[in-house]
Structures are given as structure tokens and as C-alpha cells.
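The values are calculated or read from the model by the stated rules, or taken from the named source; none is laboratory data. Quantities reported herein were computed from a predicted structural model and do not represent experimental measurements. When we count neighbours, we look across all protein chains shown, and the Cβ atoms used for this are built from the backbone with ideal geometry, even at glycine.
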Amino acid sequence: MGTLTSLALVTLAVPFVLTAQTAGPASPIGAYNVVPELPGMGRPVDTAAVAARRRALLKRIGSGSVLIPAGHERNIEQDYVQDNDFRQDNTFYYFTELETQDAVLLMTARGPDSFETILFLPPRTPSQERWTGLRLGPDSVAVRLSGITKVLPLDSLEARVRAALQPVYSPRPRQSDAWANNLTPIVDSMRAVKDADEIMRLRRAVDISVAGHVAAMRAARPGMYEYELEAALEDGFRRNGADRLGYPSIVGSGPNTTTLHYDVNRRKTENGDLVVIDAAAEWGQYTADVTRTFPINGRFTPRQKAIYDLVLGAQQAAFDALRPGITMRELDGVARKYMRDHSGNLCGERTCDDREFFNHGLGHPIGMDVHDVGISRPLEPGMVVTLEPGIYIQGEKLGVRIEDDVLVTAKGGEWLSAGAPRTTDAIERVMSGR
Ligand SMILES: [Mn+2]
């Protein structure tokens, strides 16, 4: 019963997304909100949300200091990377939502309600800004944008650190930093349950990802190269305001559908192939994680449909069992039991839940990392997890994975990525352009 209701909702959700998608570049999902004073410096900060996170951290610490450095821009020559795309350090972002680089956050707790936060920023350099665009500097603009009342120049940091109240917590302290306690486990435990601002970011990342998946399905034709599908997919992401990819796009056709993290994307598709696309956009530092499997020619064969429906049923069974208090491991068991009970002879003498065919876990939390913190924790409202069962039969060059993002609520779960067609009927309808 629950299954039928949910599937009906999924089907109904599809036309809405298509309308948004086919309207083209003039109607991105939401606005490209930026800070007007600093065109290169990202989006407005939810100052109340980050202040609440800082308070929660300092309450946990009780007495002591916290030192969190921002990220540093990569050097395109020295670091030998493809680009110098700057992405903020997750811990710094979590407590500031600032995309500025080479900053440092120093926080002090002197008892249950005596907290101090200082943001240290490098000085602005007009000649450098000719190259980089405007940067946040230690001035009143930074105070207003960050919501942190005390902003100091970076060169005053050292004296402050020397005088810092012990113990000092910092992420990833090095062996030589005997003075520093590891902050990461505390922050990880906070990050597992998302607040309203984080859920808003995840919803947007998911919506953008859904638009890209639909664009790829609509572009699919037998004989296309995988990278052409990848181009349609990522065009859909960027057109809708993605900041970057959440992870390298997996676009595998035919035999490549059985390679879990295939991201070479160079094969020429053939009529009759299935395609597995596991790809998502990042927006506002948070990433979705969505997988769809579809026939390159727009019609599932009976065999493909049978395997697909078994994977779909297993995913639905896990969703129906999802509620606060249950663990991802238990949900994995629910999905495998469904596959075992409904395999018939689809996977030969073994059942399809066998590790030979379903050779990865059911899912994981998402957030600022695609495999985010908190996987072994019982689910709580505000956690966001993926459900991604799959069946891969190498001898048949046949792989199917379906992955959706689900928000844990007080009563169960909410599908976030249901806008991407999920049943074989819905997929065929989208691909036929009806
Ligand atoms: Mn995943």
C-alpha cells in the first residue's frame, strides 16, 4: 500500500520538473544570489545559523579554545591540478559560511555562557585584487557579512593563539602540534544532523541534480558517446546554478554499467544498452548523490525491466522501513531481504542480494561530503541519506542502480530526488518526450 502511494507521488512529480527543465536557461532553479559588495565572494551568510553552530560547539567544549583555518587556493602550476577552483574547508565553512581563503577562526569558551569568536582575515591587496577580484578584508564589511563582531588582521593571530585558553582544539592537528586536541570528532557529531539552512542547501543541490539527470535522459540516443551524455547532464547542472560537481560524473553504458565507480565516460553506446548515471551537483558547499539507470534507446527490454523493478522494489522496501532509530545497516538488511524474497530465478541459482550481484552498501549520509559523516549512527530527524541498491550481472553486461536522497523526518522519510523519473514507465515517458 505504501509502495503504491509513493510511486503515484513520484509519477505526479515528473511533469513539474520537466516544465522547469525545458524552459531553458532563462529559468534557473532559484536565484544566483551573491553578495553585491563582493561579486567574487559567494553568497549571503545565514548569520543566525552559523552563530547557533558556533554556540553549540562552544557549549560542548565547555572551557577552552577552538582554532579553525580556512582553505588555501591551489596553485595551478605547483599543485598540478586541473584548475585552481577554490573550495572552502568544510569545518571553516560550517561555522562561518564564508568562502574567503586564508582566514582563521578563533573561538573561546570560558564557561557555559561566556563565548568569544574572532575572525582573522588577511589584509586586502589592491594590486592582487586586479587579478582575483574583491576580497574580504579585516574591516566593517566583513563584520556585517559574517555576523562576527570581532574581525582582526591575520598578523595579530599569533599573539592571540599564544594567549589562548587551554586546551586548544583544531581540526586535523599534526603530530608536532602537541598543544592541539582533535576537533574533528566533535564537529562530525554535529554535522550528522542537518539544520534548516543545511537542508535548504541540500534540497537545492538535489533539485539541480534532478534537472541534469532529466536533461541527460532526454538527450540519450543510441550511438552517442558516454561523454556526450555527460555533457548534457553537466549542462543541466550548470545551467541550473550548480557551483561544481559533487563528485566526478559516472556515465557507464553496456559493460560499464557493472563498474561501480566508472568515470572514464569514453565508450560509444549501442542500441540495447542500459546506461547508469551516478552524478550530482554541489550547491552552497552541499552535494546531492543521485543515480538513474535507463535504456539508451528509451525502451527497457523485459529482462532489463525485471532486474530494474527488483532494484526499485528493494529501494522502496528500505524507504518504507526508514524511521528515526533505525540504522543504515538495518535498512541494508531490509533491502537485501526484499531482493532475496523476490529474486525468483532472475539471478540464476543464487538470489540477487548475493554479494556477487549487490556488492556495495545500501546507502550513506550526504552533506558537505558526498559520503558524509554519521553512517553508523541510528537515524534521526534532520539526517539526509541515500538509498542506492543495485544489481550488477557482469556476464550479461547488465548493471542497474537506483539512488535517491531521503530526508529523515519524525514519521519516516521524505524523498528529495523524486523529481527524477524513477519507475520504468516514468523513464520511458520522459525519454519519449511525452
Ligand atoms: Mn552514493
(request) Please find, within the range 337-361, the residue that is surrounded by the most Cβ atoms within 10 Å (Cβ to Cβ) out of those that are within 16 Å of the ligand (Cβ to nearest atom) and of a type outside the set (Gly, Ala, Ser). (result) Phe358
(message) Condition first: more than 16 Å from the ligand (Cβ to nearest atom), more than 18 Å from the chain's Cα centre (by Cα) and either within 30 Å of Val373 (Cα to Cα) or not polar (S, T, N, Q) (or both). Can you find one or more residues in the range 243-254 that meet it?
(response) yes
(request) Test Glu270 against the criterion of being at negative phi and surrounded by 18 or more Cβ atoms within 10 Å (Cβ to Cβ), and give yes or no. (result) no
(request) Check Thr132, Thr149 and return the single one that is within 29 Å of the chain's Cα centre (by Cα) and in the same structural domain as Asp85 (by TED's automatic domain parsing). (result) Thr132
(message) Considering only residues that are under 30 Å from Glu198 (Cα atoms) and free of Cβ contacts under 8 Å to residues at least 60 places away in the same chain, which ones fall in the range 331-361?
(response) Leu331, Asp332, Gly333, Val334, Ala335, Gly361
(message) So the check is Cβ under 6 Å with 6+ separation or different chains; which pairs have a first residue in the range 180-200 that's of a type outside the set (D, E, K, R) and a second one that's surrounded by fewer than 16 Cβ atoms within 10 Å (Cβ to Cβ)?
(response) Asn181/Pro167; Ile186/Arg60; Ala192/Arg377; Val193/Glu380
